Amino acid sequence: HRPKARKQIINPDFKLEDLGIGGLDNEFKDIFRRAFNSRILPPEIAEKLEIKHCKGLLLFGPPGTGKTLIARKLSKMLNGKEPKIVNGPEMLSKYVGESENNIRKLFKEAEDEFRQKGDDSDLHVIIFDELDSVFKQRGSARSDGTGVGDNVVNQLLSKMDGVDQLNNILVIGMTNRLDLIDSALLRPGRFEIQIEIALPDEKGRRDIFLIHTAKLRENKILTSDVDFDELSALTKNFTGAEIEGLCNSAKSFAISRHTKSGAIAKIDDKTISDMKITRNDFLLAL
Ligand code: ATP
């Protein structure tokens, strides 16, 4: 009689560029090495080594660096589904007990399914954005002064502790401010794996440029003077989101060169179909 085996659900041979994530290879590797051995190793080996399922992963770093992007892609890889994304402040309610209730509801579907099926083959991913807005150090000064946040922290802690047997839940928390997070949340069994998603370096920025211009390159819309080495050198301290914004802005400059001015720019079908985006469009955007 074999115990119900956990499925080996991640094929470790994947390429980050295929996922549309640039410059975060080491961070992604780190996440897998530290958090997902229970899902990468063949089930018999994971069992032999008594590898524990990781219930909580915390991604921290400046806004726009790709935390949400990573969390979504992870969820897709882990269970093929869009994750549930909740926003910290949305959980808070001024009504007594309602905030705790919101947290309880988040976990209910996964708990019910686990009880029904008795195995953890379907992983539920809950993404918790702006974690710091709710899970500040308990007892610290809070803007609302109601203590609602304390109850929510306690409720989430009790849920995460409670999911001990429920190996089908992964909570991915995200924050710009690791220093504000209640330290009780960072203990083993809770958000025990913390990974910094920092600003991309020059190579990372180049990769992000390539991702966000993939379609343009495929359709041969960029002129040959567009130089991604130059652009990545010029965009020190840019986030991934800002690089994406820069590419969009370069498109707008190119489109306005190819449209007739008026109250609303008129698009000339012929010129727009011959449209090219040049180095200068990127420099203007910059
Ligand atoms: P916040 O802390 O504000 O929630 P975030 O770190 O979650 O920010 P995202 O929402 O993931 O940032 O990034 C916004 C968008 O910027 C992404 O949807 C993506 O299009 C682009 N982007 C950010 N980082 C990267 C990256 N490393 N590779 C490719 N695209 C990126």
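The values are calculated or read from the model by the stated rules, or taken from the named source; none is laboratory data. Quick caveat: nothing in here was measured; it's all calculated off a predicted structure. Cβ coordinates were reconstructed from backbone atoms using ideal geometry, including for glycine residues, and neighbour counts include every protein chain displayed. In case anyone asks, the SASA skips ligands and DNA or RNA and just uses the protein heavy atoms, side chains included. Shrake-Rupley method; radii C 1.70, N 1.55, O 1.52, S 1.80 Å.
Before moving on, here are some points about what is shown:
- Checking the cross-link pairs K55/K105; K55/K76; K15/K52; K29/K203; K105/K159; K52/K84 against a 20 Å limit on the alpha carbon distance flags K15/K52; K52/K84 as lying beyond it.
- FRET efficiency for the T223 to T259 pair, using the beta carbon distance and R₀ = 25 Å, is estimated at 0.85.
- Potential extension, K276-Y95 segment - 0.36 nm per residue separation minus Cα distance: 59.6 nm
- Solvent accessible area, Å² - R206, 1.4 Å probe, full protein context: 80
- Accessible area in square angstrom per residue, the stretch 15-99, 1.4 angstrom probe: 52
- Two-site label geometry, R187 and N102: point separation in nm, points 7 Å out along Cα→Cβ: 2.5
- Phi angles across the stretch 53-65 convert, under the Karplus curve 6.51 cos²θ - 1.76 cosθ + 1.60 with θ = phi - 60°, into 3J(HN,Hα) values of 6, 8, 8, x, 10, 10, 9, 10, x, x, x, x, 8 Hz, Gly and Pro given as x.
- Local net charge near L57, Cβ-Cβ under 10 Å (Lys/Arg +1, Asp/Glu -1): +1
- 19 Å reach of a label modelled at D201, 7 Å along Cα-to-Cβ, counting backbone N of the stretch 66-80: 66
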